[in-house]
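Bear in mind these aren't lab numbers, they're just calculated from the coordinates by the rules spelled out. Computed from a predicted structure; not experimentally measured. Cβ placement follows ideal geometry from the backbone for every residue including glycine, while neighbour counts extend to all protein chains displayed.
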Amino acid sequence: MPHGAHGAHGALWAVESWTMSGAGKASAFLTVDQPVLSAATRAKRTANVGMCDGVLGDERIHVTVDAENKRSLLLDGPSTSGFVQSQLRCKGSPELFMGSCDDPLIRKAWRCELPEPLELSEAFPYVAAILRRMEGCRKHPMKVLLLGLGGGTMQSYLDATCPASQLLTVEASPGVLEAARRFFGFTGPVHLSDARLALSQLVSEQRRFDAIVVDIADTVLDRSDVEHLNTLLKDGGLVLHNHTNQHKMMEQLDTFRSIFPDAQQQSFEGGNVLMSYTKHGPSQIAIQS
């Protein structure tokens with residue numbers, strides 16, 4: 001599918017910078033006696049799970065595919081290895097390979113055709129909770145800012161169910177963006193940028209949003225970042241911030257509550273903690289509580 005195929009989003013921002021950091025980190029998923037094989041060998045894994053490593057040369061990124069065509073995007077971070085960022089089930093029955101995610105054979109074999117409709121039952125519980133909070137977009141189109149892309153599952157769901165809404169996604173990693181396009185059926189526009197720089201830029205442009213979703217692995221926002229979130233929100237707007245590390249969440253809880261006094265948190269199986277904050281004032285949309 002072509003870039004920006006979903007007309008509701010439009011070309012909010014074209015893809016710009018292509019800087020990369022951390023490439024070359026050893027895979028956390030392959031041992032010394034289990035070497036990476038080219039997809040040309042068509043090596044089937046005995047565990048009924050296919051796996052590829054490295055997207056655009058960034059070896060921190062991994063994708064797994066099982067026999068039921070359920071895909072997982074796994075990321076190696078500074079303090080984590082094999083963090084499962086996204087999961088999605090695509091149509092069809094895949095061939096299972098082991099090799100490089102940049103191998104043309106794997107890219108072709110694992111292209112994702114999204115199911116219709118996308119089911120919330122297939123999503124991580126915290127993702128389903130975020131999407132339910134924005135069900136009002138079905139009747140009242142929203143402007144939504146999403147910090148962090150992953151496999152693009154939230155974006156794909158919102159685009160399918162609320163086509164009149166405008167989504168702006170910010171993602172720092174070109175490899176993650178490419179993985180979402182190649183293997184998770186994502187087709188929407190993305191602004192490639194550090195989240196903090198993007199927030200500052202959006203404030204300077206006097207942009208305003210009905211909802212902001214922050215889903216960047218264990219990112220601690222400082223006071224300036226939270227103030228930017230507040231500035232970018234329309235009256236009655238909603239901030240939803242996913243955390244996978246409760247200690248890091250606690251680092252910024254006081255800051256959030258000093259700006260969003262009604263900050264609430266909800267815990268999910270698997271360790272996710274979703275924090276939500278509402279900017280007081282008359283809302284122009286119906287956001288679900």
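Rounded to whole Å and sorted largest first, list the principal axis extents of the Cα atoms in region 120-278.
So the extents along the principal axes, rounded to whole Å, are 39, 38, 34.
Taking amide H atoms as placed 1.01 Å from N in the peptide plane, list the residues 5 or more away in sequence, or in a different chain, whose amide H sits under 5 Å from that of Ser193.
Those lying under 5 Å, H to H, from Ser193 are Glu171, Ala172.
From the phi of every residue in region 181-192, what ³J(HN,Hα) in whole Hz does the Karplus formula 6.51 cos²θ - 1.76 cosθ + 1.60 yield, where θ is phi - 60° and glycine or proline is x?
For region 181-192, the Karplus curve yields 6, 5, 10, 10, x, 7, 10, x, x, 9, 9, 7 Hz.
With +1 assigned to the C-beta of every Lys and Arg and -1 to the C-beta of every Asp and Glu, and no other charges, what is the dipole magnitude of region 120-278 about the Cα centre in debye, to the nearest 20?
420
Residue by residue through region 142-155, which ³J(HN,Hα) values in whole Hz follow from phi under the Karplus form 6.51 cos²θ - 1.76 cosθ + 1.60 (θ = phi - 60°), with glycine and proline marked x?
10, 9, 10, 9, 10, 9, x, 9, x, x, x, 5, 5, 5
Would you mind computing, in nm to one decimal, how far apart the modelled labels at Arg111 and Arg89 are, each placed 7 Å from Cα along Cα→Cβ?
2.3
Structure shown: which of Lys139/Lys279; Lys139/Lys234; Lys91/Lys139 lie over 24 Å apart, alpha-carbon to alpha-carbon?
Lys91/Lys139
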